[in-house]
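Note sheet for the following structure.
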Amino acid sequence: MIMKLDILAFGAHPDDVELGAAGTLAKHQALGYKTGIVDLTRGEMGTRGSREIRNAEASKAAEILNLTARENLDLRDGFIANDEESQIKVIQVLRKYQPDVILCNAPHDRHPDHGRASELVVRAAFLAGLRRIETFEDGEPQQPWRPRSIYHYIQFYDLEPNLIVDITGYMDQKMESVEAYSSQFYDPNSKEPQTLIAQKDFLDMIRFRAQNFGIHIGVEYGEPFIVERVPGVDDLTQIL
């Protein structure tokens, strides 16, 4: 069954999309577009929390963002591969949701899964448009589908963006969706090992970073993206 989405965001792990693009999804959902997230793995190799906790956290974040759909492809955390089996899984979900726009991980980042996930999604997005690649859902053949645009959200590394989305008015919603992953972030009562993102000031950094990118386009908050191809505009006066 096809559930047509306007924007579909992919993340190597639950919380990737929230950290990188939640404001963009929240804004477009509020504007009447249908949005969704596909997590490639359960984040089961994470130092803090557990597979079950991450599942519950992802469901809570989906509610906060009012997503139309969210699902998980159950690839192996830490070992994402751009192989045929993984490509077919991504192709199937692309043909199921038929998104016009894809958001996905940064092309290169501190966590190697992020770059591998990026390559996997970009490759599958092209292959999904080839009619000779046959895929099925519930026993029924799927139709070819190729998204119009792909944008990479920026994560840990300070990569140079090509595009910044104004998320003013949606920053609190973004932060609420991020904080849904409470097992991953600072908790003075936690007995689990310390990690980079569990440091006390990490969540403040997310907000400050969005403020910094907002300054670049003259707004309060912004989310940066790297484009897969150069975008075009119809009216130069409408660019922020």
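The values are calculated or read from the model by the stated rules, or taken from the named source; none is laboratory data. Quick caveat, the model's predicted, so the values are computed rather than measured. Quick reminder, even Gly has a Cβ in these numbers, built from the backbone with ideal geometry, and neighbours come from all protein chains shown. Only protein heavy atoms, including side chains, enter the accessible area calculation; ligands, DNA and RNA are left aside. Shrake-Rupley method; radii C 1.70, N 1.55, O 1.52, S 1.80 Å.
Considering only alpha-carbon pairs that sit under 8 angstrom and 6 or more positions apart, the relative contact order computed for the chain is 24 percent. The mean sequence separation of alpha-carbon pairs under 8 Å and at least six residues apart, normalised by the residue count of region 102-156, gives a relative contact order of 47 percent. Structure remark: mean-square fluctuation, Gaussian network model of the chain, C-alpha springs under 10 Å; the largest value among Met205, Met171, Met45 belongs to Met205.
In this simple spin-label approximation, Ile215 and Ile88 carry label points 7 Å from Cα along the Cα→Cβ vector, and these lie 5.0 nm apart.
For Tyr157 and Thr237, what does the FRET efficiency come to when R0 = 45 Å and r is the distance between their Cβ atoms, rounded to the nearest 0.05? After rounding to 0.05, the efficiency reads 0.85. Out of all Cα-Cα pairs in region 1-84, roughly what percent, to the nearest whole number, are more than 19 Å apart? Beyond 19 Å sits 37 percent of the P(r) for region 1-84. Counting lysine pairs in the chain whose alpha carbons fall under 13 angstrom apart, excluding pairs fewer than 8 residues apart on the same chain, gives 4. For the chain, the mean residue ellipticity at 222 nm estimated from helices alone is -11000 deg cm²/dmol, where every DSSP H run of n ≥ 4 contributes -39500 (n - 2.57) and the total is divided by all residues, rounded to the nearest 500. For region 96-145, the share of alpha carbon pairs falling in successive 5 Å distance bins from zero is 4, 19, 22, 19, 16, 12, 6, 2 percent. Evaluating 6.51 cos²θ - 1.76 cosθ + 1.60 at θ = phi - 60° for every residue in region 89-105, the Karplus couplings come out as 4, 5, 4, 4, 6, 5, 6, 5, 9, 6, x, 7, 10, 10, 10, 8, 4 Hz, glycine and proline recorded as x. Phi angles of region 10-22 translate, via the Karplus equation with coefficients 6.51, -1.76, 1.60 and θ = phi - 60°, into HN-Hα couplings of 9, x, 4, 9, x, 4, 4, 5, 4, 5, x, 8, 5 Hz per residue; Gly and Pro are given as x.
Rounded to the nearest whole Hz, the Karplus-based 3J(HN,Hα) values (6.51 cos²θ - 1.76 cosθ + 1.60, θ = phi - 60°) of region 189-203 follow the sequence 9, 6, 9, 7, x, 6, 10, 4, 7, 8, 5, 4, 9, 4, 5, with x at glycine and proline. Any idea which of Ile226, Ser59, Gly214 is furthest toward the positive side of the dipole for the chain, if Lys and Arg beta-carbons carry +1 and Asp and Glu beta-carbons -1? Looking along the dipole axis, the top candidate is Ile226. Scanning residues 5 or more positions from Ile37 or on other chains, those with amide H under 5 Å from its amide H are Ala9, Ala69, Arg70, Glu71, with H placed 1.01 Å from N in the peptide plane. Considering only beta bridges that DSSP places wholly inside region 1-144, some 15 percent are antiparallel.
Normalised Debye scattering of region 109-210 at q = 0.14 Å⁻¹ gives log10 I(q)/I(0) of -0.81, counting only Cα atoms as equal scatterers and leaving out solvent.
Each of Phe10, Phe79 has its accessible area taken with a 1.4 Å probe; listed largest first, they run Phe79, Phe10. Mark the label point 7 Å from the Cα of Tyr186 along Cα→Cβ and return the residues of region 150-165 whose backbone N is within less than 20 Å of it. Backbone N within reach: 156-157. Extension gain, Lys4 to Arg229: 0.36 nm times the residue separation minus the Cα-Cα distance gives 78.7 nm.
For the chain, which whole percent of the accessible surface, found with a 1.4 angstrom probe, sits on carbon and sulfur atoms? Heavy-atom surface of the chain belonging to carbon and sulfur, 1.4 Å probe: 50 percent. With all projection directions averaged, the alpha carbon convex hull of region 47-88 covers 4.0 nm². Average accessible surface for region 87-145: 47 Å² per residue, computed with a 1.4 Å probe over protein heavy atoms with every protein chain in place. Ranking of Thr237, Thr68 by solvent-accessible surface, largest first: Thr237, Thr68 (1.4 Å probe, protein heavy atoms only, all chains present). A simple count of charges around Leu73, restricted to other residues whose Cβ falls under 10 Å of its Cβ and scoring Lys, Arg +1 and Asp, Glu -1, yields -1.
Remark: relative contact order (region 56-161) = 31 percent; criterion is Cα-Cα distance under 8 angstrom and separation of 6 or more residues.
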